[in-house]
Amino acid sequence: MTVIAADMQHRSITTDRQLAEYCRQLAQADSIALDTEFVSEHTFRPVLCLVQVAASGEIAVIDAMAVEDVTPFWEAVTAEGHETVVHAGRSEMEFCLEATGRWPERPFDVQLAAGLAGGEYPAGYNNLLAQLLGEKPRKHETRTDWRRRPLSKRQIEYAIDDARYLPALRDTLHAKLEQLGRLAWLDEEMAAWREEVECACSKDRWRRIPGISGLDRQSLAIVRELFYWREGEAERRNRPVRRVLRDDLIVELARRKTADQKRILAIRGLGRRDLRSRMPEIAARIRHTLDLPDDDRPAIIHRERTPRISVLGQFLFSALGSVCRRSQLAPNLVGTPNDIRDLIVYRTGGSKRERVPRLAQGWRAEFIGHLFDDLLAGKKSIRIEDPKSEHPLIFEPADS
């Protein structure tokens, strides 16, 4: 494990020719560790400003505001033959997918790896450096507007730190996971993460709007219609979607089910000048949705919330925490209370869902799902062995 020296000179890439030359070198790298700096507050899509790369013992900084096209770099990242190391790299993967339509061959996310290796999850980059490497990175420049040029030496140093420790973090965590026999678990998590990122662009992403549970099918149809109207409007105007129309206002319009412009304008928050100018279009969208036949409206996804499910869920969530602490695993990486409730409903015959719950799949089923199955079936029981112990709960056959 070697940390790239802080005083090592980095390669500055500001032209397409320099980038092309660098990408040819990356083709020989076994590992490419990368981080990005971007600004997302003001535009429909995040503006990529800087890419920091650690590969083959060298640091490079790609100025995405100066280089005309960063696509060759993302093509190098997705080429065969190397591992791609990131920390909480969802944004990096989205940039990569947008540029190439492909995913890196062997991604390694140190945040996910840390959770599987017994650390907290999700762990911030600085916390991982302190806990695993004993390093204290620079904390300034967290509020930098990375679009502005020229960048100061302090800004460049801060950005470089986000990449230069990644290879050492990867090596440390890889060794821990190998010792624990969990490298296959990380591969499974990375595959699931890929599916999650790709599904973020699916046609049903409107269902992630908060506050829509409990809405009927007609209201859900309004949410869906306004969601996609907002997407198109935000892209046309190059503005963040929530600056066009907030989530809570979409939900309120869906609840009211009215296309009357006066009643719409009476809703607090909808009187902005830019929204007033779009009001005929918003009203027309709602009117169209109200006239949809029932078959064209979204289905309601029910999540059972009976007292029985709540009691069992609380009981098993406590058991989950105990098992995870004993096994050096971050509990909230293994499963959430909703994941546990989904498993209970699925196993007790109350679910019509076709998708198998997370806790009944892969390494989660092996680690905790089968134990929960036995507890729900009465095959195993829980008792307190030693109230003063760090691990007071034990699981044993019910008839013992």
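Using the basic label-point model (7 angstrom from Cα toward the beta carbon), what is the Asp373 to Ser91 distance in nanometres?
Between Asp373 and Ser91, the label points sit 4.1 nm apart.
Return the distance in nm (one decimal) between the two label points of a simple spin-label model at Asn338 and Ser310, each offset 7 Å from Cα along Cα→Cβ.
1.8 nm
How many percent of Cα pairs in the range 205-296 exceed 23 Å?
16 percent
Grab the beta carbon distance between Ile384 and Lys262, set R0 = 41 Å, and tell me the FRET efficiency rounded to 0.05.
For Ile384 and Lys262, the calculated efficiency is 0.05.
Test of understanding: in a Gaussian network model of the chain with alpha carbons linked when under 10 Å, which of Thr289, Thr15, Thr258 would top the mean-square fluctuation ranking?
Thr258
Can you tell me the mean projection area, over all orientations, of the convex hull of the range 251-300's alpha carbons? Units nm², please.
Here the figure is 3.7 nm², rounded to one decimal.
May I ask you to derive the FRET efficiency for Arg237 and Leu133 from their Cβ-Cβ distance with R0 = 25 Å, giving the value to the nearest 0.05?
The formula returns an efficiency of 0.05 here.
Grab the Cα-Cα distance for Glu195 and Ala175, subtract it from 0.36 nm times how many residues apart they are, and report the gain in nm with one decimal.
So the extension gain works out to 4.6 nm.
Please list the non-local residues whose amide H lies under 5 Å from the amide H of Val356, H modeled 1.01 Å from N, same-chain partners needing a gap of 5 or more.
none
Can you pull a Stokes-Einstein diffusion coefficient for the chain at 20 °C (1.002 mPa s), Rh from Kirkwood over Cα pairs, as a whole number of µm²/s?
In µm²/s, the coefficient is 88.
Å³ per residue of the Cα convex hull, for the range 11-199?
Once divided by residue count, the hull of the range 11-199 is 118 Å³.
Quick one: dipole size for the chain, taken about the Cα centre, charges +1 on Lys/Arg Cβ and -1 on Asp/Glu Cβ, in debye to the nearest 20.
Result for the chain is approximately 2240 debye, rounded to the nearest 20.
Cα centroids of the range 238-305 and the range 62-119: how far apart, whole angstrom?
Here the answer is 36 Å between Cα centres.
Can you tell me the length gained on complete extension of the stretch Arg205 to Asp69, counting 0.36 nm per residue apart and subtracting the Cα distance?
Net length gain for the segment: 46.1 nm.
Treat every Asp and Glu Cβ in the range 139-190 as -1 and every Lys and Arg Cβ as +1, leave all other atoms uncharged, and give the resulting dipole magnitude about the Cα centre to the nearest 20 debye.
Dipole size: approximately 520 debye.
May I ask for the equivalent-ellipsoid semi-axes of the range 266-400, computed as the square root of five times each C-alpha gyration tensor eigenvalue and listed largest first in whole Å?
Semi-axis lengths for the range 266-400 are 46, 19, 13 Å.
I'd like the antiparallel share, as a percent to the nearest 5, of DSSP beta bridges with both residues in the chain.
65 percent
Along the Cα→Cβ direction, 7 angstrom out, place labels at Ile301 and Val39. What is the inter-label distance in nm?
Roughly 3.5 nm, to one decimal.
Between Tyr165, Tyr121, Tyr228, which gets the highest mean-square fluctuation from a Gaussian network model of the chain, Cα cutoff 10 Å?
With Cα springs under 10 Å in the chain, the top fluctuation among Tyr165, Tyr121, Tyr228 is at Tyr228.
Pull out the extension gain between Val47 and Thr14, defined as 0.36 nm times the separation in residues minus the alpha carbon to alpha carbon distance; nm, one decimal.
Once the chain is fully extended between Val47 and Thr14, it gains 10.2 nm.
The numbers here are math on the coordinates, done by the rules we state, and not lab data. Bear in mind that the values here come from a model prediction, so they are computed numbers and not experimental data. Ideal geometry is used to build each Cβ from the backbone, glycine not excepted, and the neighbour counts take in all protein chains shown.
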